[in-house]
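All remarks here apply to the structure that follows.
The values are calculated or read from the model by the stated rules, or taken from the named source; none is laboratory data. Owing to the predicted nature of the structure, the values given are computational and were not obtained by experimental measurement. Every residue, glycine as well, gets a Cβ built from its backbone with ideal geometry; the counts of neighbours run over all protein chains shown.
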Amino acid sequence: MAHAIAGDAPEGLRLFRQRGCGLCNQVGLEGGAVGPELTAVAQRLQPAYLQRHLLDPRLSRAEGPEPRYGWTAGELADVTAYLLSLRPGSR
């Protein structure tokens, strides 16, 4: 199921790496195991949920260690587009 989101997935990947998201979250064979595995996140979660979670991770998991990154609207769209581009076997 493809989702259209007004964002730049390659820029979202850059932001994902720059902010250290891969230290806790695994994509494919890369990343940490503290957070959820994200390779097939586009098949499990809706874009609106992903954006809400990215804006304030504590809304969906109050006890979680994920920080609020203070994404701008453009960054939020880019990171969401990246997450929605993920498929099993990617990266």
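When region 25-43 is filtered for residues that are charged (D, E, K, R) and exposed (fewer than 12 other Cβ atoms within 10 Å of the Cβ), only 30 remains. Residue by residue through region 1-47, note down the ones that are part of a helix (DSSP H, G or I) and either of a type in the set (Lys, Arg) or touching a Lys or Arg at 6+ places or on another chain (Cβ under 6 Å) (or both). Residues satisfying the conditions are 14, 17, 44. Tell me which residues, restricted to region 53-76, are modelled with pLDDT under 90, surrounded by 12 or more Cβ atoms within 10 Å (Cβ to Cβ) and in a loop (DSSP other than H, G, I, E, B). If the condition is that a residue be modelled with pLDDT under 90, surrounded by 12 or more Cβ atoms within 10 Å (Cβ to Cβ) and in a loop (DSSP other than H, G, I, E, B), then 60, 61, 64, 66, 69 are the ones that fit.
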